[in-house]
Amino acid sequence: MVKVDLSGAKPFFTAAGPDYAAAAAAYKTFAEKTGLGADFTGWEGMPQRIKDTELDAIVAAAEKIRSRSQALVAIGIGGSYLGAKGAIELLKPNPGPGDPKVFFMGNTLSVDAINDTIAALGDMDFDVNVISKSGTTLEPAVSFRIFRELLIKKYGDKADDHIFATTDARRGVLKGLADKNGWTSFVVPDDVGGRFSVLSAVGLLPMAVAGIDVRRVIDAAIAEFKALDVGGPENPAWQYAAARQHLYGKGYTVEILGCYEPSFRFMAEWWKQLYGESEGKDHKGIFPASVEFTADLHSMGQYIQQGPRMLMESIVRFTESRTSFPFPVEEEDADGLNYLAGRDLSEICRVAADAVREAHVSGGVPNIVIEIPKRDEEGFAAMVCFFELACSISGYMSQVNPFDQPGVEAYKKNMFRMLGKPGAK
Ligand code: PA5
């Protein structure tokens, strides 16, 4: 289970501390489905639902792709992309032998990025997983038309067998196309919004193709949501939500999520969408940013240590490293590093993290540690469940609907008008 350590944030709390009564009320609103957007809270029960319904079919589809293709082009944007990308980078940063390469498309309109991916695909055998809940989002639709044409060129009348669609059960252009062409299809449940959908087929199919054990992910998520179903301040999701809202009330308006694992980078992108899109409304919301340590200590470290004091810092730490590496001793000690010799690199990294924490706290940056047991399927699942639940509690604590995103329509309206879409104003 995820653990939260607030000792580096406590010096910045008022005497009363985080408002656990407000966290309790927000949790009740969430659990009893009485709040804004309650129709979109189905993600909490989704791991069990998926296990009972689609999981076997997802694994079977992934096995089919793995057995015949060297690549999967996963086409999606926002919540239909970041979770799978984050999971694959975190758990499978280097594809193993026999693991297809997963290319992510549909998250850009850059002609160069699309052409680069086509070039990288070369003459590989590939499949396409097009992922869009609405089935109408422009970026994935543009990519899908292009990669579908490539499939038709390559496989002729067998192309439809290489397309896997993940979309709404009933509505949308993509659903219509999938039905018409007989594509293998998976569902984004009605009661689950895009950024909360990583534990559905949206995330699970690309993850399984990449060689992640999604059955382990789902079993761990079922267990984690159960463990998080605790009504009290001992609940780590309450602790995190209440602490960040308390700090926000004291003027800490930017939260930087950091981690000492470079493979975490895209999980931070997933987290930014989850929190930014859920909380940034009604002219309120903590601005979610991210850093990768120790690399960014040499770029952003100065600002964090001595810039304006509106930053709070949440650090994801994996208790156990996957591997070990005892630092070698060198007889001459020409580089002067023998004081580290014999210690494991994981220990050196842990000490560096403690040192950074001490410096940042004394420099005026509240620090929250989110501890995940290991960088594996269980750790990933636990982290997703924790962040999703905490996000909902935090959103309700700040009196917004954490499950909608009305603001993202503004640019789309302009774009469609400027591109001359029929009927666009
Ligand atoms: O969280 C959300 O709902 C959004 O970020 C969507 O995931 C994103 O806009 C993509 O939408 P769709 O899956 O409908 O193409």
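The values are calculated or read from the model by the stated rules, or taken from the named source; none is laboratory data. Computed from a predicted structure; not experimentally measured. Every residue, glycine as well, gets a Cβ built from its backbone with ideal geometry; the counts of neighbours run over all protein chains shown.
General observations
- Residue in region 322-330 that is more than 24 Å from Leu6 (Cβ to Cβ), touching a Lys or Arg at 6+ places or on another chain (Cβ under 8 Å) and not hydrophobic (A, V, I, L, M, F, W, C) present: yes
- Subset of region 50-89 that is more than 16 Å from the ligand (Cβ to nearest atom) and outside any helix (DSSP H, G or I) - its residue that is farthest from Leu121 (Cα to Cα): Thr53
- Enumeration of residues in region 400-425 that are under 16 Å from Ala38 (Cβ atoms) and away from the ligand (no atom under 14 Å from the Cβ): Val400
- Options Phe104, Phe144: the member that is more than 18 Å from Trp183 (Cα to Cα), within 15 Å of the ligand (Cβ to nearest atom), in contact (Cβ under 8 Å) with a residue 24 or more places away in the chain and not in a loop (DSSP other than H, G, I, E, B): Phe104
- From the list Val202, Val209, Val188, the one residue that fits, being in contact with a Lys or Arg (Cβ under 8 Å, 6 or more places away or on another chain) and away from the ligand (no atom under 14 Å from the Cβ), is Val209.
- Residue in region 381-399 that is surrounded by the fewest Cβ atoms within 10 Å (Cβ to Cβ), counting only those that are away from the ligand (no atom under 14 Å from the Cβ) and under 14 Å from Ala23 (Cα atoms): Gln399
- Residue check, Phe126 modelled with pLDDT of 95 or more, away from the ligand (no atom under 16 Å from the Cβ) and farther than 30 Å from Glu320 by Cα: yes
- Some residue of region 104-119 being under 30 Å from Gln405 (Cα atoms), in the same structural domain as Gln70 (by TED's automatic domain parsing) and at pLDDT below 95: no
- Residue check, Lys374 more than 17 Å from the chain's Cα centre (by Cα) and either charged (D, E, K, R) or closer than 26 Å to Ile304 by Cα (or both): no
- Region 28-48 residues that are touching a residue at least 40 places away in the same chain (Cβ under 8 Å), paired with ones that are exposed (fewer than 15 other Cβ atoms within 10 Å of the Cβ) (beta carbon under 7 Å, 6 or more apart): Thr41/Lys33
- Condition met for Ile370 (hydrophobic (A, V, I, L, M, F, W, C), loosely packed, with under 15 Cβ neighbours inside 10 Å and either modelled with pLDDT of 95 or more or assigned by TED's automatic domain parsing to the domain that holds Gly251 (or both)): no
- Ile304 more than 30 Å from Ala208 (Cα to Cα), crowded, with 18+ Cβ neighbours inside 10 Å and at pLDDT 95 or above: yes
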